[in-house]
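Colleague: A single structure is presented below for examination.
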Number of protein chains: 2
Amino acid sequence: MTGLKQDKDGWVLVTGGAGYIGSHAVAELIESGYRCIVVDNFSNSCYEPIARLKVLLETEIPFFKVDLTDADGLEKVFRKFKIDSVIHFAGLKAVGESTKIPLSYYYNNITGTLVLLDIMKKYGTEMLVFSSSATVYGDATRFPDMIPIPEECPTGPTNPYGKTKLAIEEILEDLHASEPEKWRFAVLRYFNPIGAHPSGLIGEDPLGIPNNLLPYMAQVAVKRREKLFVFGNNYSSRDGTPIRDYIHVVDLAKGHIAALKYLNEIKGGQGLCRAWNLGSGTGSTVLEVYKAFCHSCGIELPYEIVGRRAGDVLNLTAKPDRATRELKWTTNLKVSDACADLWKWTTKNPYGYQLLGVVDTFFNQPGEYESRLITLGRGSGFEVSLSNIGATIVDLRVDGKPVVLGLTSEAEYLDSSNPYLGATIGRYANRLRDGKFNVKGVDYLLDLNEQWSTVHSSSQSYHRRRFLGPLILNPMKHQYFAKYVLLDSNTQFPGEVLASVTYSLDVRAKELQIQYEGRLLNGDTTIMNLTNHSYFNLNVFQNASYNGTEIQLFSDQAVELDDAKCPSGRIVKVSGPSSFTLDECEPPFDTCFVTGTVPCIDTRANELKPVLKAQHPESGLKLIISTTEPSFQFYTGGPGILKGYGKKSGFCCEPGRFINAANVPEWKEAVTLESSAVYGSKTSYNFG
Amino acid sequence: MTGLKQDKDGWVLVTGGAGYIGSHAVAELIESGYRCIVVDNFSNSCYEPIARLKVLLETEIPFFKVDLTDADGLEKVFRKFKIDSVIHFAGLKAVGESTKIPLSYYYNNITGTLVLLDIMKKYGTEMLVFSSSATVYGDATRFPDMIPIPEECPTGPTNPYGKTKLAIEEILEDLHASEPEKWRFAVLRYFNPIGAHPSGLIGEDPLGIPNNLLPYMAQVAVKRREKLFVFGNNYSSRDGTPIRDYIHVVDLAKGHIAALKYLNEIKGGQGLCRAWNLGSGTGSTVLEVYKAFCHSCGIELPYEIVGRRAGDVLNLTAKPDRATRELKWTTNLKVSDACADLWKWTTKNPYGYQLLGVVDTFFNQPGEYESRLITLGRGSGFEVSLSNIGATIVDLRVDGKPVVLGLTSEAEYLDSSNPYLGATIGRYANRLRDGKFNVKGVDYLLDLNEQWSTVHSSSQSYHRRRFLGPLILNPMKHQYFAKYVLLDSNTQFPGEVLASVTYSLDVRAKELQIQYEGRLLNGDTTIMNLTNHSYFNLNVFQNASYNGTEIQLFSDQAVELDDAKCPSGRIVKVSGPSSFTLDECEPPFDTCFVTGTVPCIDTRANELKPVLKAQHPESGLKLIISTTEPSFQFYTGGPGILKGYGKKSGFCCEPGRFINAANVPEWKEAVTLESSAVYGSKTSYNFG
């Protein structure tokens, strides 16, 4: 997996890209080097898979919440991006529902497509891959010799859903016929997609009772449903249950890449409108699939044989020869792979994308999904709110009481007056003497923001950058993860770096852990030093000052500083007590304490050792900060005058590498990131 | 024909009601006692047929220019009216065009229908008659024994137009199936509609080159096209040309009434979705129809046999038995009737609704089709502008020079300060002593607007009422007609009266003739006296005063007036010259001159005799006013202070019945309107 791939000129627009098949197609497209824009109206999906894909694929994926029937909304996307091709998944898709609310199906699916095609025409986008369905064939068993089903099988859908798919196929045919040299349309008729992304992070997340066999079994496996119902075991198959052609969703997604490639390779001045079956060509019975899934999850799932369902037929297996021959596409994965991946997805996400205790609100930017403010652990008594700007801790509450300073709008976080409140500090935290460093014999110079040094990377700082994600997981009731990534390239630092910040919240232990990771994706060897800049105040809800906080520091050594607050290279013993009470005394602390750990580029293997303990007698709140890092900056200067917070309203403990390490030969290795290495560290805030 | 029929509770919404079949259906619906609302987007039509239908049917037809895909616009109509049923004609309909711009066809036809159905659902409108087409069958000759075509014939449209019709049929089926006890849908599959309304006022008005045989022949007949092309004469028919089932559009329209009646008569709690062929069951060849039309117009039209058209088949004749059996509907008119009616329509309207020299602008009310300001004779040097308010002469120009006073907004005409400028005066023009009259022994009292009399009907006056129409005709280059009607009911007068005002403009003779007609539709015997209240000024374009106008009156007798300006019952000789020049002399004229004609209720059989001659030496303009009426009020008091017009800025000549005739026994007959009689009069303004 690599970063932003821009080896194509334009973009691929994926409609319905937040859905089950759409999200898997986005993953495959980006893996194959395409740039994707996603539109979705979330009628049967949510933003989570998009946020996850950004983190998983480490790339930006422009997203717009647009309903295709909203021509103005859709046109804005076409106006903003040069769109070369469209993969059109958006549409309502439940057969049963379609018989109950046919107008919604016709309007959403057909009108949505017409609006899309009209705008494509207007903007000169001439390629489209359409998500059709084997449902267009209806009951292929009504004809002799049509199993496995070839594309030549006469169509005859038996429900409004299938009729909308066929109507759209006909619209594409007619549009192509009206300008046959211009339009290039690939119609993909899916058989039964199953499974999930092998990462376990993207999968099928049906709302309500699942319509399909696999998601239903998965819900039985995690005890969301009591048992599986098998509709009829008196068909003339191997075991009496009907035969269907199941296809791994990743194989299916790859079929879209194959089709898009095929359309791209058509010679200029030649159009096309052609249908391909996407199926494995191998049929499996319901009970065979049941057994495969039971094997994957290691549970003998309860099931009951009940009567046949109206409309079900014995066998609907694809003849996929045309796709094999023309698209050079074939399935690679088996039902057993799909079952294993589905089980991985299910165990990692027992409630799909619907995370309990995660509230997703926008941060003063309604509808801007990249301006999310998410809250983990809501209702648990221990919760953290995070912003994409700086992957910042906006709020942290212990028994409902705020313990960090925060701001109330994205604009305030982006403002130059923001003193790094709660933010991730990078590419290089703490001071660099004269803003200079040298890597592999090359001198680099950063903008200065103090007289003799660059603090927290100055103009290059992460704290006002927009991170991608987050990827949120809630695998156990008391545990949450939120991972942000940042593509850090084209800066005053050498190298293109992928930085990630993962917050882990354990509401039972009342501990928030932060894990940093950095990888050099491209370019020259670089330097890195990441930390978090939260201002703690254990009594903030009663008093804007931190006075009265009892502090214990687990170190009596510090880096000796010169006039520029940069180290001389010596470590000295600190005078004064290691336990004290914060009060009005001047000057405040701004000291790099050393905990004696051996410096290295990835400290994550080190023990998480306590470095600071704080408590406040009035609030009764206690905090222990632990880290794998060799030092921490203890800073009591406060955030200055900001939003009513006074100078003494918060203290900081910023674990990291020794101050100015990049310029001290014996410390430099700990901040130098080679392409083969990984930067890493862990810090925890424990309030238990 | 009767007036407003309101014997049904709700309204029938007719979509596409300004189109060919739609307008004929509106005519039949109203004739059958339904109340209709029309919506149309004018994509292939215009407002003229609606204005004509209002006059022809003497009823209000609420109209909204709405595109069905505009849900908000359409919903406003449903919010305003209780709509019981919909007859859905709106849609694009040209087979050839549909293959070139399929997206427009799918979007307009399918999305338009979906929006309509969605709003019907929201407002509880459950009945719809759908305008489908025999095109849904495709080539029925591909099956054995399917000519004549029964409804059971498998569908298979071969072009986007036909596919949209079939798709809508399927949408109706699916929607009905979703709530089978609720929806009532009649699908009418038309064969080949031809002909026109027997009035010759409503007909087919194709834009561009006609696609169909009959309109094409009609254009050949009036020399808009050179000759007819017959596509193939080597089919195995009687004369080698293909056989189609032609159906008179009036018969077709009546099929919709039959279907609507059928739907209305379905018992509560039962729905329906059913298709019926509307055809005659009799096939005619192209050459047979050609001969019938030649017979109607008395011309041997030139034609040429050319090659077959792709897609044409030998025979497409309907089997209409289902409609006959279930809807009790059958065709009554023959191809020869249709040809005769088409020829009548064509000769009356050689350019369809596109009238030359008629400009239709809105009168300060954009989009309000009932606030039209139409101008007849534009560009001819003699033109008149008319408003629906009071069927008023807003402007009359001779060689570009204005000769009447007018206002510039509808609001000014509706304002109480408007001194009847150019308006139609009714129900009873001129004075009624004490506002009283007695008809058949019953006393009636009107609001007074002078101390001892009611002038021009006071609060009941027509001059601020909105007339229906106009029906505009331009049968010859120099001749225009514009007919307005007013349903005058529920006033202080007895009886419901239908008043009509027909303006005839002869631009060659520079003559504007006005014809009034009044009929008592319902209620008690009543009184009537109509006139026009134009203020003439033959020098208005140079000078706001009429001074210097030379007047000759063709009468030396006047009605003797008492103090209330009402007659004593005597006719007296007028002192003073009958020729004079208008100047500042006081008092101004306000005299009812008698021309000696014998009084009767309908004076139209009388000779149009000159009663006033006026000319102005500076402008050189001359005016002769002639009338069939027995008297005329000559009034030089002017319009008062209004829009800069001074007291002497216009003189009036108001032909009519003797002043206060309703209260003078020997004159009363001339203003008493019995239910069997017709009120009538004519007046002309000649500037030649």
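Colleague: Inspect all residues belonging to segment B:533-547 and state whether any of them is more than 25 Å from B:Leu386 (Cα to Cα), more than 33 Å from the chain's Cα centre (by Cα) and assigned by the TED database to the domain that holds B:Pro419.
Modeller: Yes, segment B:533-547 contains a residue that is more than 25 Å from B:Leu386 (Cα to Cα), more than 33 Å from the chain's Cα centre (by Cα) and assigned by the TED database to the domain that holds B:Pro419.
Colleague: Out of the residues in segment A:557-578 meeting the condition of being among the polar types (S, T, N, Q) and open to solvent by 70 Å² or more (accessible area, probe 1.4 Å), tell me which one is modelled with the highest pLDDT.
Modeller: Per the stated criteria, the residue is A:Gln557.
Colleague: Which numbered condition trips up A:Gly195, out of (1) within 35 Å of the chain's Cα centre (by Cα); (2) under 30 Å from B:Ser98 (Cα atoms)?
Modeller: Every condition holds for A:Gly195 apart from (2).
Colleague: Right, next: Is it fair to say A:Ala338 is open to solvent by less than 20 Å² (accessible area, probe 1.4 Å) and more than 29 Å from A:Glu173 (Cβ to Cβ)?
Modeller: Considered against the rule, which asks whether it is open to solvent by less than 20 Å² (accessible area, probe 1.4 Å) and more than 29 Å from A:Glu173 (Cβ to Cβ), A:Ala338 comes out as yes.
Colleague: I want to confirm something. Restricting to segment A:444-477 and keeping residues that are aromatic (Phe, Trp, Tyr) and buried (at least 22 other Cβ atoms within 10 Å of the Cβ), which single residue is nearest to A:Asn529 (Cα to Cα)?
Modeller: Filtering segment A:444-477 for residues that are aromatic (Phe, Trp, Tyr) and buried (at least 22 other Cβ atoms within 10 Å of the Cβ), the one nearest to A:Asn529 (Cα to Cα) comes out as A:Tyr462.
Colleague: Mind telling me which of the residues B:Tyr480, B:Tyr503 ends up being in contact with a Pro (Cβ under 9 Å, 6 or more places away or on another chain) and buried (at least 21 other Cβ atoms within 10 Å of the Cβ)?
Modeller: On inspection, the qualifying residue turns out to be B:Tyr503.
Colleague: Exactly one of these conditions fails for A:Val611: (1) β-branched (Val, Ile, Thr); (2) over 35 Å from the mean Cα position of the chain (by Cα); (3) farther than 21 Å from A:Ser457 by Cα. Give me its number.
Modeller: Every listed condition holds for A:Val611 apart from (2).
Colleague: For a quick check of your reading of the model, give me the residue pairs whose first member lies in segment A:514-525 and is among the basic types (Lys, Arg), whose second is open to solvent by less than 60 Å² (accessible area, probe 1.4 Å), with beta-carbon atoms closer than 6 Å and at least 6 apart or on different chains.
Modeller: A:Arg519/A:Leu498; A:Arg519/A:Val678
Colleague: Please work out which one of (1) closer than 23 Å to A:Ile266 by Cβ; (2) among the β-branched types (Val, Ile, Thr); (3) without any contact (Cβ under 8 Å) to a residue 40 or more places away in the chain is the condition A:Ile168 fails and give its number.
Modeller: Of (1) closer than 23 Å to A:Ile266 by Cβ; (2) among the β-branched types (Val, Ile, Thr); (3) without any contact (Cβ under 8 Å) to a residue 40 or more places away in the chain, only one is false for A:Ile168: (3).
Colleague: Restricting to segment A:278-296, give me the number of residues that are over 13 Å from A:Thr241 (Cβ atoms) and surrounded by fewer than 20 Cβ atoms within 10 Å (Cβ to Cβ).
Modeller: Total satisfying the criteria: 4.
Colleague: Sort out which residues of segment A:265-277 are in contact (Cβ under 8 Å) with a residue 12 or more places away in the chain and open to solvent by 50 Å² or more (accessible area, probe 1.4 Å), and write them in order of number.
Modeller: Selection gives A:Gly269, A:Gln270, A:Arg274.
Colleague: Select from segment A:437-449 the residues that are closer than 16 Å to A:Cys566 by Cα and either part of a loop (DSSP other than H, G, I, E, B) or modelled with pLDDT under 95 (or both) and list them in ascending order.
Modeller: The answer is A:Leu446, A:Leu448, A:Asn449.
Colleague: Cβ-Cβ distance below 6 Å, separation of 6 or more or different chains: which pairs start in segment A:310-326 with a residue that is under 12 Å from A:Asp245 (Cα atoms) and end on one that is hydroxyl-bearing (Ser, Thr, Tyr) and buried (at least 16 other Cβ atoms within 10 Å of the Cβ)?
Modeller: Filtered contacts from segment A:310-326: A:Leu314/A:Tyr235.
Colleague: Quick check, is A:Gly73 modelled with pLDDT of 95 or more, within 26 Å of the chain's Cα centre (by Cα) and closer than 30 Å to A:Asn474 by Cα?
Modeller: No; evaluated as a whole, the condition is false for this residue.
Colleague: Go through segment B:310-363 and count every residue that is out of contact with any Pro (no Cβ under 9 Å at 6 or more places or on another chain) and among the basic types (Lys, Arg).
Modeller: Total satisfying the criteria: 3.
Colleague: If you don't mind, another one. If you scan segment B:67-88, which residues turn out to be among the aromatic types (Phe, Trp, Tyr) and either at positive phi or open to solvent by 20 Å² or more (accessible area, probe 1.4 Å) (or both)?
Modeller: B:Phe81
Colleague: Still on this structure, please answer the following. Pull up segment A:136-173, narrow it to residues that are hydroxyl-bearing (Ser, Thr, Tyr) and within 14 Å of chain B (Cβ to nearest Cβ), then point me to the one that is least open to solvent (accessible area, probe 1.4 Å).
Modeller: Looking at residues that are hydroxyl-bearing (Ser, Thr, Tyr) and within 14 Å of chain B (Cβ to nearest Cβ), I get A:Thr164.
Colleague: For segment A:158-176, give me each residue that is within 35 Å of the chain's Cα centre (by Cα) and either farther than 23 Å from B:Ala177 by Cα or among the aromatic types (Phe, Trp, Tyr) (or both).
Modeller: A:Tyr161, A:Glu169, A:Leu172 - these are the residues of segment A:158-176 that are within 35 Å of the chain's Cα centre (by Cα) and either farther than 23 Å from B:Ala177 by Cα or among the aromatic types (Phe, Trp, Tyr) (or both).
Colleague: Out of the residues in segment B:506-538 meeting the condition of being within 19 Å of B:Gly688 (Cβ to Cβ), in contact with a Phe, Trp or Tyr (Cβ under 7 Å, 6 or more places away or on another chain) and part of a loop (DSSP other than H, G, I, E, B), tell me which one is most open to solvent (accessible area, probe 1.4 Å).
Modeller: So the residue we want is B:Lys510.
Colleague: Can you list the helices (runs of 4 or more DSSP H) found entirely within segment B:43-131 that contain at least 2 residues being facing chain A (nearest Cβ under 10 Å), touching an Asp or Glu at 6+ places or on another chain (Cβ under 7 Å) and under 26 Å from B:Pro206 (Cα atoms)?
Modeller: B:102-105
Colleague: Ok, one more. Among the candidates B:Asp360, B:Asp415, which residue alone is over 23 Å from the mean Cα position of the chain (by Cα) and open to solvent by 10 Å² or more (accessible area, probe 1.4 Å)?
Modeller: B:Asp415
The values are calculated or read from the model by the stated rules, or taken from the named source; none is laboratory data. Source: prediction; values computed, not measured. All Cβ positions, even for glycine, are placed from backbone atoms using ideal geometry, and neighbour counts span all protein chains on display. Remember, those area values only see protein heavy atoms, side chains included, never the ligands or the DNA or RNA. Shrake-Rupley method; radii C 1.70, N 1.55, O 1.52, S 1.80 Å.
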